[in-house]
Amino acid sequence: PQRRCAELLGIDEADIRWIGPDEGLPCELLWCMGGVDIWRPPRLSRLAASALSDRVAINDAERAGALPTRLYIRRGTGTRVMTGYDTLAPLLHAAGFVTLVMQALPLDEQLRAMRNARWVVGETSAGLANLLFCLPGCRVLELFNPAFVQPAHWSLASLCGLGYGFLVGTHVPTPGLERPTQNAAYSIAPDQLLAGLRATGL
């Protein structure tokens, strides 16, 4: 994604400098950002997302209005996984949601999917950083592990003018993670998801 971002922004790869931990680089002018405040993401991030979006060509599916407007964003493999997706899939399908795993898609496809979305339901993950590409008015419902409810994507949604809600799941014990922790598995009951969808406009 970094290389594709550079291509889209017209930055020549020869102009990119990778700086090691014991190296320095003299600069006449330098813009830099430290840790991102998850309560107040910088407005520059929205401007950068808009600049990237402007440079991704509209493809035939997008031109024809054939891209889905309701997305369910699944977390990739690893920790903090939501279990029981198969019990939610029929409900999501009936409501017109299409399931995506953002990490499995090229950057251009991620961007096209999100800028066409009008409703996003997502398991909390880095994939929801793509909310930066959504148009104002898109509705968001984020699903959380009960031990890891945090404001990063609410902050992004607020920055972008998106409607935001969230659901907190139930801890699912797994070998090595029997107690609720930041990285533990969790589940969302179908009736809980349906209530969340109704609360956000279904």
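Tabulated values for the structure
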quantity: Neighbours by Cβ (under 6 Å, 6+ apart or cross-chain): first from the stretch 44-72, farther than 14 Å from residue 108 by Cβ; second surrounded by fewer than 13 Cβ atoms within 10 Å (Cβ to Cβ) and at pLDDT 95 or above; calculated: 70/96
quantity: Criterion: open to solvent by less than 80 Å² (accessible area, probe 1.4 Å), in contact (Cβ under 8 Å) with a residue 60 or more places away in the chain and over 19 Å from the mean Cα position of the chain (by Cα) - qualifying residue of 24, 84; calculated: 84
quantity: Filter result for residue 40 (touching a helix residue (DSSP H, G or I) at 6+ places or on another chain (Cβ under 7 Å), surrounded by 11 or more Cβ atoms within 10 Å (Cβ to Cβ) and in a helix (DSSP H, G or I)); calculated: no
quantity: Evaluation of residue 2 against (1) surrounded by fewer than 12 Cβ atoms within 10 Å (Cβ to Cβ); (2) within 30 Å of residue 150 (Cβ to Cβ); (3) at pLDDT 85 or above (one fails), failing number; calculated: (3)
quantity: Of residues in the stretch 138-149 being open to solvent by 40 Å² or more (accessible area, probe 1.4 Å) and of a type outside the set (Val, Ile, Thr), the one nearest to residue 194 (Cα to Cα); calculated: 139
quantity: Contacts under 9 angstrom Cβ, first residue in the stretch 180-198 being assigned to a loop (DSSP other than H, G, I, E, B), partner open to solvent by 50 Å² or more (accessible area, probe 1.4 Å) and among the small types (Gly, Ala, Ser), 6 or more apart; calculated: 183/78
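The values are calculated or read from the model by the stated rules, or taken from the named source; none is laboratory data. For clarity, every value in this text was computed on a predicted model and none was experimentally measured. Every residue, glycine among them, receives a Cβ derived from its backbone with ideal geometry; neighbour counts consider all protein chains shown. Surface accessibility is based on the protein's heavy atoms, side chains included, excluding ligands, DNA and RNA. Shrake-Rupley method; radii C 1.70, N 1.55, O 1.52, S 1.80 Å.
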